[in-house]
């Protein structure tokens, strides 16, 4: 039997030997455990349900009505706005993230460790919290800057709403997705190609443009995809910045319009745009090949001396951190201090709901989402790794439907489904958790699958040969070995769920308020910045803690994976 931990490049389409022995069977009669298959089928059906119901709902309007909706000028304008936002946010995020990644990984930047963490922490700032900070700091009236300039006779500042505000907010709080991807690409890159370029007389600048940057194309493409999808699917920032993207128009149509078919048709157009972007990225990724004969992990690269560029680099890093991290935290603390002076800390102005109760609701909802999504992700990850085949691949692909489906679309589909077919759970906690599972399950599948690929199947084979049942093997051997991936996936889902806004607004039980709902209502509807400050600070602290935990686990995994020097 082959005991190597490496995966063959061209796997056989038949059932792998380790899968047979993991099952304790032999030959073609071996099958995956029935409980894994059953849970995977239920999960796949759950992932497909919202989108399929949305298709049926939109089809009920008729082809002519659907075409009239899509071809009308307002829809075309919204398509232009949405695509323009995605492209602009991705472009400006690249201008920030690529230099930051190179400075914090490959140069002698002073305080490089500090900047590495400080430039990543904006990932913990929800975009709607960052938008709230921008509006309250630089808004035309009632903002901090306007109040400071009022003694000079300035009653109104230039408007921050619209294109400028939505692109600025989206860029400042999504560039860490691209930064992490490019940074990982730099760390894993084989430095021998750069050394060869330098030995041939290329300057550091020429080496970066002609050698380093081309090798980073896969990492840049992956990070840019995350930024573009986040920008297109985001609801809070367009809503606060009064920008007509698809998410805001769909939500407005659902709340104020009487034609639900229009909202369903717009939602399908948005899904088509997202799936089109995913298809283009997939085609580009599969046609590209960037590899070397050895891995760069663990190889030390001499840092590039910045020389006279040290101070401009420090200035660049400082400006980015000030705008994306210090500014939102400072604005939140300002309004929190102001609300404390007026006795408003601890209670909201909406039905006098205690803030601690709102915080517990957020923790409860996000915790349930992390638990449920992780449990249902395990069977799909195990089947895709240990029992590769046509059907298990199909089940895995179905689990990723939620990745390409915006939260507003999933929420809209579940509203239709719940109101018509399952009224007993409509606007109840199970439906909200179900929406979270559909949206965030791919995150758990990816992390668990990555951990399972690193587990030697011989350990599971040994357990089966000693008489353990498939369930005992899963519980006693597999799950403990993939525990880091499971915890990382659960924490990532928790971090994402506690910041989720559109599905929570539409599906939350009556009287169930979360920190995200509190921030959105206080800023978007009432412009009550002081009421949003405490909730924003709490969600920022929770998100920052979750982000640091994820980063520490990734750093521990990289350290354990490096060969001993």
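The table that follows gives values for the structure above.
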| read-out | value |
| --- | --- |
| Residue 151 surrounded by fewer than 17 Cβ atoms within 10 Å (Cβ to Cβ) and at pLDDT 80 or above | yes |
| Total residues in the stretch 138-172, condition farther than 19 Å from residue 81 by Cα and touching a helix residue (DSSP H, G or I) at 6+ places or on another chain (Cβ under 6 Å) | 5 |
| Wholly within the stretch 158-269, helices (runs of 4 or more DSSP H) carrying at least 1 residues that are more than 28 Å from the chain's Cα centre (by Cα) and modelled with pLDDT of 70 or more | 192-199, 204-207 |
| Residue 143 vs. criteria without any contact (Cβ under 8 Å) to a residue 40 or more places away in the chain, closer than 27 Å to residue 91 by Cβ and surrounded by fewer than 24 Cβ atoms within 10 Å (Cβ to Cβ) | no |
| Residue in the stretch 485-499 that is modelled with the lowest pLDDT, counting only those that are surrounded by 19 or more Cβ atoms within 10 Å (Cβ to Cβ) and farther than 26 Å from residue 518 by Cα | 485 |
| Within the stretch 45-80, considering residues that are crowded, with 20+ Cβ neighbours inside 10 Å and modelled with pLDDT of 80 or more, the one nearest to residue 394 (Cα to Cα) | 47 |
| Filter pass, residue 70 being more than 23 Å from the chain's Cα centre (by Cα) and assigned to a helix (DSSP H, G or I) | yes |
| Close pairs (9 angstrom Cβ cut-off, 6 or more residues apart or separate chains): surrounded by fewer than 24 Cβ atoms within 10 Å (Cβ to Cβ) in the stretch 429-452, at pLDDT 85 or above and outside any helix (DSSP H, G or I) anywhere | 429/508; 429/509; 429/512; 431/509 |
| Restricting the stretch 406-428 to residues that are closer than 23 Å to residue 248 by Cβ and out of contact with any helix residue (DSSP H, G or I) (no Cβ under 6 Å at 6 or more places or on another chain), the residue that is surrounded by the most Cβ atoms within 10 Å (Cβ to Cβ) | 427 |
| Given (1) within 30 Å of residue 380 (Cβ to Cβ); (2) modelled with pLDDT of 75 or more, number of the condition residue 25 does not satisfy | (2) |
| Residue in the stretch 97-107 that is under 30 Å from residue 269 (Cβ atoms), in contact with a helix residue (DSSP H, G or I) (Cβ under 7 Å, 6 or more places away or on another chain), buried (at least 17 other Cβ atoms within 10 Å of the Cβ) and at pLDDT 85 or above present | yes |
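The values are calculated or read from the model by the stated rules, or taken from the named source; none is laboratory data. Worth saying up front: this structure is predicted, and the values here are computed from it rather than measured. As a convention, Cβ positions derive from the backbone with ideal geometry for all residues, glycine included, and neighbour counts pool all protein chains shown.
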